[in-house]
Amino acid sequence: DPSRRFEVGCWSHGRRYFFEAAAVAKEPVAREALFRIRRFFEMDAKWKDLPPAKRKVMRDQFLRPELVLFFEFVGIEYAKVQHLRGLLRSALHYAKNQEAALTRFLEDGRLKMDNNASERALRRIAVGRKNWLFVGSDDHAVSTANLLSMIASAKLHGLDPEEYLRD
């Protein structure tokens, strides 16, 4: 049903929490989690050029069992630290709570393990928002928005924005 929406988790976010626990707190459990997550990305990268249906088959056959073991590992390790405070507990808690969303990409070969592309696209807006405070006036802001829309449209259609605007 196309009207139903499902959260698709981002493994880059999950990995970041374990990285913080490994780098700052020197947690061996976090390093083990990072090793496993790296393997997920490496496996999935091998299948990036496959059609979505074939990618799903490969994920089901090879990646799903690894993810099951990962979340068993997370459950065991979280039980040991759930009453403590710290970066490791936070990383394990995030992974445990996000299991359904983090494994959603297994359901459809078109889904990605991370949302890095959309994060990069949003970063431009977030950075630009600070700069747009200084466009001068409402009229200047409208002109800037129009210009940025034309540049984004040119990029979307594979055109060189400078050449497009010059033309």
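Computed values, structure above
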item	result
Tensor-based shape of region 1-125 (alpha-carbon gyration tensor, a/c under 1.5 rounded, otherwise prolate or oblate)	prolate
Selection from His83, Asn115, Phe6 lying farthest towards where the dipole of the chain points positive, charges on Cβ	His83
Packing-based order for 37-44, 152-159, 17-24, using average beta carbon neighbours within 10 Å, highest first	17-24, 37-44, 152-159
Peptides ranked, highest mean first, by Cβ atoms within 10 Å: ranges 48-55, 68-75	68-75, 48-55
Förster radius 45 Å - calculated FRET efficiency between Tyr164 and Arg85, Cβ distance, rounded to 0.05	0.25
³J(HN,Hα) computed for each position of region 151-160 - Karplus, 6.51 cos²θ - 1.76 cosθ + 1.60, integer Hz, glycine/proline x	5, 4, 5, 4, 4, 4, 9, x, 9, 6
Fraction of accessible area attributable to carbon and sulfur, the chain (%, probe 1.4 Å)	55 percent
Per residue accessible area in Å² of the chain, where ligands, DNA and RNA are left out and the probe is 1.4 Å	70 Å²
Mean ellipticity per residue at 222 nm, deg cm²/dmol - from DSSP H runs of n ≥ 4 across the chain, formula -39500 (n - 2.57)	-21500 deg cm²/dmol
Normalised contact order of the chain, rounded percent, pairs of Cα under 8 Å and 6 or more residues apart	29 percent
Estimated FRET transfer efficiency (Ile151, Val24; beta-carbon r; R0 35 Å; 0.05)	0.35
28 Å Cα-Cα threshold exceeded, pairs from Lys48/Lys80; Lys48/Lys155; Lys56/Lys80	Lys48/Lys80; Lys56/Lys80
Straight-distance crosslink candidates among aspartates and glutamates, where the alpha carbon sits under 18 Å from Lys112 and sequence neighbours closer than 8 are dropped	Glu7, Glu42, Asp44, Asp49, Asp60, Glu66, Glu99
J(HN,Hα) series, region 13-27, from Karplus relation 6.51 cos²θ - 1.76 cosθ + 1.60, nearest Hz, glycine and proline x	5, x, 5, 4, 5, 5, 4, 4, 5, 6, 6, 7, 8, 6, 7
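The values are calculated or read from the model by the stated rules, or taken from the named source; none is laboratory data. All of these numbers come straight from a predicted model, not from anything done at the bench. We place every Cβ from the backbone using ideal geometry, glycine too, and count neighbours over all the protein chains shown. Accessible surface is based on the protein model in full, side chains and every heavy atom, while ligands, DNA and RNA are left aside. Shrake-Rupley method; radii C 1.70, N 1.55, O 1.52, S 1.80 Å.
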